[in-house]
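Every number here is computed from the coordinates shown, using simple stated rules; none is lab data. All figures in this text were calculated on a predicted structure; none of them were measured in a lab. Backbone-built Cβ (ideal geometry, glycine too); neighbour counts: all protein chains shown.
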Amino acid sequence: MSRIAFIGLGNMGLPMARNLLKAGHTVVGFDLSPQSLAALAEAGGVIAGSVGDAASGAEVVVTMLPAGRHVRGVYEDAGNVFDTAAPGALLIDSSTIDVDSARAVAAAAAARGFVLVDAPVSGGTGGAAAGTLTFMVGGSDEAMERARPYLAQMGKTVVHTGGPGTGQAAKICNNMILGISMIAVSEAFALADKLGLDRQKLFDVSSTSSGQCWSLTTYCPVPGPVPTSPANRDYAPGFAVDMMLKDLKLAQAAAASSGAATPLGANAAALYALFSAAGNGHLDFSAIVKMMVGEG
Ligand code: NAD
């Protein structure tokens with residue numbers, strides 16, 4: 001069993017840390033929020049007073065933080081992970097961050113003798129609690145094999161996507177597909193309404209035809225056809241509009257810096273930004289249908 005430092009005990013990090021505790025590791029946690037620290041202690045974890053204290057002597061460090069600047073600060077600032085973790089420690093960043101920051105922090109880690117993987121997740125807070133997350137892992141073969149047993153204790157599926165940064169690349173490419181496809185499905189329902197085509201009938205046809213996709217058949221944005229979709233509970237998330245917007249912006253930043261043409265991704269980011277600015281950031285992202293059918 002390992003001594004694991006866990007930095008960032010929010011909606012995702014806390015349940016992931018609980019699963020590492022259940023697996024028998026010693027988890028020393030740090031978060032800026034006292035409530036998160038108290039919750040970790042209740043689950044049997046050890047509370048640290050700072051990033052450096054948590055990482056001090058740790059063989060493994062897991063980070064689950066909001067954005068690239070937080071990740072770089074937690075690893076690179078004086079007295080933090082690079083200055084305190086055990087020599088050669090395994091560093092796992094599961095935050096969703098920009099590809100450039102992921103690559104920069106991996107290179108800085110290697111220069112200090114550490115092994116770092118970018119390992120963002122899909123599966124949401126439910127998957128984090130149930131230990132069924134999917135990890136997309138960027139890093140060397142050696143880093144992947146060292147990380148695999150820990151990731152398997154927090155998730156169900158682990159995909160090695162390639163070298164540093166490719167985990168983040170996989171995450172934002174996937175979520176760009178999702179953001180665009182949800183808008184496509186929403187526009188189809190809006191057009192169906194105007195044409196007098198019953199929503200359930202459109203679902204019956206498209207769910208078994210070439211328009212079939214996850215946004216339609218699992219996460220249908222209108223109430224009725226898929227009783228478990230957020231549309232049936234007033235769009236309580238789920239996966240919030242502001243989370244989708246964050247990932248679409250990351251995809252646009254990566255497209256700009258790599259020279260990829262992603263015009264539908266750009267439009268999806270703009271539509272989600274408008275919808276969020278109208279006060280809908282907390283709703284499930286499938287609520288974008290309200291914009292198309294004229295309800296939001
Ligand atoms: P969150 O805001 O609930 O948690 C982030 C935590 O990091 C907070 O508790 C905050 O206090 C802490 N933090 C920030 N700066 C810190 C620092 N310097 N030192 C210590 N702690 C610090 O966010 P979340 O929902 O847990 O998401 C975390 C990451 O996972 C994000 O990158 C997000 O995009 C990604 N993600 C979230 C979901 C989801 O459904 N919530 C799904 C997939 C991926």
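So if I place +1 on the C-beta of Lys and Arg and -1 on the C-beta of Asp and Glu, and nothing else carries charge, what would the dipole magnitude of segment 169-292 be about its Cα centre? I want it in debye, nearest 20.
Computed charge dipole of segment 169-292: roughly 120 debye.
How many percent of the alpha carbon pairs in the chain exceed a separation of 32 Å?
Of the Cα pairs, 30 percent sit more than 32 Å apart.
Pick from 261, 231, 109 the residue whose mean-square fluctuation is largest in a GNM of the chain, springs joining Cα atoms under 10 Å.
Result: 261 has the largest fluctuation of those listed.
Once fully extended, how much extra length lies between residue 195 and residue 249, figured as 0.36 nm per residue of separation less the alpha-carbon to alpha-carbon distance?
Length gained between residue 195 and residue 249: 16.1 nm.
Cα atoms only: what Rg and Dmax, in Å, come out for segment 169-292?
Looking at segment 169-292, its Cα Rg and Dmax stand at 14.3, 44 Å.
Only helices at least 30 Å long along their axis, Cα-based, and averaging -1.0 or more on Kyte-Doolittle count here, so list those DSSP H runs from the chain.
In the chain, the long hydrophobic H runs are 166-195.
When the gyration tensor of segment 60-124 is built from Cα positions, what are the square roots of 5 times its three eigenvalues, in whole Å, from largest to smallest?
Whole-Å semi-axes of the equivalent ellipsoid: 18, 12, 11.
Just add up the charged neighbours of residue 257: K/R +1, D/E -1, any other residue whose Cβ is under 14 Å from the Cβ of residue 257.
0
Quick check: pseudo-label points 7 Å beyond the Cα along Cα→Cβ at residue 232 and residue 50, how many nm apart are they?
5.1
Which value in Å is the Kirkwood Rh of segment 22-181 over different Cα pairs?
15.8
Relative contact order of the chain, please, whole-number percent, based on alpha carbon pairs below 8 angstrom and at least 6 residues apart.
13
Given C-alpha coordinates of segment 115-170, what is the ratio Rg to Rh with the Kirkwood estimate of Rh?
Ratio of gyration radius to Kirkwood radius: 0.96.
Which residue, 124, 265, 224, tops the fluctuation ranking in a GNM of the chain built on C-alpha contacts under 10 Å?
Comparing 124, 265, 224 in the GNM, the peak value goes to 224.
Express in nm, to one decimal, how much length is gained between residue 35 and residue 270 on full extension, taking 0.36 nm for each residue of separation and deducting their alpha carbon distance.
Separation in residues times 0.36 nm, less the Cα-Cα distance, equals 81.1 nm.
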